[in-house]
Amino acid sequence: MTNRYAVIGGVAGGMSAASRIRKVDPESEIVVFEKGEHISYSACSTPYYISNPQTALEDLIALSVEDAKVKRRIDVRTRHMVTRILPAQRRIEFAKLPSGLEGSYDYDRLIIATGASPYVPPIPGSDGPNVVVLRTLEDAHHIKKMLEDGKVRTAAILGAGYVGLEMCESLRKCGIEVTLISARSTPMFGLNEKIVDTVVDTLKKNSVTLIANAKVERITGAGVRLSDRLVEADLVLVAKGIRPNGKLAEDAGIQLGAAGAIAVDQRMETSVAGIFAAGDCAESLHRINNKKIYVPLGTVANKHGRVAGLNSARESARFPGTISSAEFKLFEMEVARTGMTLDEALKDGFDAKEVVITAASAAHGYPTSCPIQIAMVGEKTNGRLLGAQMIGENGVAQRINIVAVAIFNGNTVDEFSMFDLAYAPPFAPVWDPVLVAANVLKGKMVKF
């Protein structure tokens, strides 16, 4: 008997799940319902697509609908919006877009990968024609078209997280005057203050105006009205984060968890047997403290999808947890983090200690050598390595992964300080910066 799988959502989590099902259940029927026009695209690449006139929208698509249908034998139905899940009947109902024509599909196993939506605060004027968000390929194309039309000379960005900061660079490359508006005291709130200071210096160096502790009163055609001034802007990008799309699941009686995301176990199964969830709509397990958290990252979504796909096909797999590893480019700087910040560790009850060091990325005298700032966090009483943050012109983006492996595997600071890392003058000093940080941190901790 042929197994019938329904997947709601065709981007990272959904297509990863569908592809894994096809490998382990080759004779199955797999139908992916995607409300948009595209599947398997890189949302993280959209800021670079916007600033690069040579990049086409299709370059961001990892798997086309046609290839999914022909090469992977997955029935992908774009412009199909699932409107209801009926767990008792094992059925979903959907509407074809834009006609609204309704239909239904009976499944044996269901995977929900509905993703997340940009959060737009209830600010007067936030629905204006000059206000945009950046989440989908359609969003990116719309922004790029506005810039190419030549009507945008100034931009205001509301929100100073990953997307807001990346778009500062993207818009500046397009010759746009940029004002970054943060409701908090600093961009990348929660990171080590010395790392954040370098982020702020980098913004200023690249002519981005930063307004912190800002209260937005309204958005108009002229720009953003704050409590004390008007920020002129032809384009207003709202980058205030995202919220998981959990309502479809909740309406079906499926339990929600962290931050309103769909609650799952380590098999990515929901509170309803036979229904799984993956990607930005689902919660994750934090590997350090074993608590449920919401981590909407592409790397996590793909792993979610793989695990959900395997288990829905009656294989055995477990999502081992996340440590929130992330990195981004900010003009000439690479910025990265993994594990817990000091604030996160202290709030979670860890007896944590942090050190901040600056070390060279390459051997003394090598022309590409640059300073790297590293903030490293450890547990004082048992010596466990908890987290790290880094910033520098080069050598950061891959170094963070060394620390991530150690944290993921539960290494102590002492163990990590003696990791046998490769060395050559163009790439690192004899004592790599991450080992320098670990040795300094070790000296500040209780003997264990």
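Note on the chain: GNM, Cα springs under 10 Å; of VAL356, VAL178, VAL11, the largest mean-square fluctuation is that of VAL356. Annotation: aspartates and glutamates with alpha-carbon distance below 13 angstrom to LYS69 (same-chain offsets under eight excluded): GLU29. Cross-linked pairs LYS247/LYS329; LYS347/LYS444; LYS71/LYS96; LYS71/LYS247: Cα-Cα separations exceed 31 Å for LYS247/LYS329; LYS71/LYS247. Between GLU29 and GLU217, full extension at 0.36 nm per residue minus the direct alpha carbon distance yields a gain of 62.5 nm. GNM remark for the chain: springs join alpha carbons under 10 Å apart, and the peak mean-square fluctuation among ARG153, ARG218, ARG229 falls on ARG229.
Where does each of ASP432, ASP251, ASP139 land when they are ranked from fewest to most other beta-carbon atoms within 10 angstrom? Don't skip to the end; give the middle numbers.
Working: ASP432 22, ASP251 11, ASP139 17.
Result, fewest neighbours first: ASP251, ASP139, ASP432.
Evaluated with a Cβ-only charge set (Lys, Arg +1; Asp, Glu -1), region 1-105 carries a dipole of roughly 360 debye about its Cα centre, given to the nearest 20.
Divide by every residue of the chain the summed helix terms, -39500 (n - 2.57) for each DSSP H run of at least 4, and state the resulting mean residue ellipticity at 222 nm, rounded to the nearest 500 deg cm²/dmol.
Details: 12 runs with 114 residues, N = 448.
It lands at -7500 deg cm²/dmol.
Under 5 Å from the amide H of THR220 lie the amide H atoms of ARG225, each residue being 5 or more positions distant or on a separate chain, with H modelled from the backbone and absent for Pro and chain starts.
Please report the net charge: other residues with Cβ closer than 12 Å to the Cβ of ALA278, K and R +1, D and E -1.
Details: positive: ARG20, ARG267, LYS303, ARG306; negative: GLU269, ASP280, GLU283.
Within the 12 Å Cβ shell, the charges total +1.
Amide H to amide H, with H built 1.01 Å from N, SER325 comes under 5 Å of GLY339, counting only residues 5 or more places away or on other chains.
In debye, nearest 20, what is the charge dipole magnitude of region 327-443 about its Cα centre with +1 on Lys and Arg Cβ and -1 on Asp and Glu Cβ, if you could check? Walk me through the intermediate numbers first.
Numbers: 8 positive and 14 negative charges, 14 e Å.
With only Lys, Arg, Asp and Glu charged at Cβ, the dipole is about 60 debye.
Could you compute the net charge surrounding SER64? Neighbours are other residues with a C-beta less than 13 Å from the C-beta of SER64; K and R count +1, D and E count -1.
Working: positive: LYS69, LYS71, ARG72; negative: GLU34, GLU37, GLU58, ASP59, GLU66, ASP67.
Cβ neighbours under 13 Å give a net charge of -3.
Report the charge-dipole magnitude of the chain in Debye, nearest 20, computed about the Cα centre from +1 at each Lys and Arg Cβ and -1 at each Asp and Glu Cβ.
Details: 52 positive and 50 negative charges, 109 e Å.
With Lys and Arg at +1 and Asp and Glu at -1, about 520 debye.
Using a Cα distance threshold of under 17 Å, what count of lysine pairs results for region 131-238 when pairs must be 8 or more residues apart or interchain?
7
Going by a ≥ b ≥ c, the root eigenvalues of the Cα gyration tensor, does region 320-424 fall in the rounded group (a/c under 1.5), the prolate group (a/b larger than b/c) or the oblate group? Prolate is the answer for region 320-424, as a/c is 1.5 or above and a/b outweighs b/c. Partners of LYS380 within straight-line reach, counting aspartates and glutamates whose Cα lies under 17 Å from its Cα and excluding those fewer than 8 residues away in the same chain: ASP343, GLU344, ASP348, ASP351, GLU354, ASP414, GLU415.
Laboratory data are not the source of any read-out in this text; all were calculated from the coordinates shown. From a predicted model like this one, the values you see are computed outputs, not experimental measurements. Note that we place each Cβ from the backbone using ideal geometry, even for glycine, and neighbour counts take in every protein chain shown.
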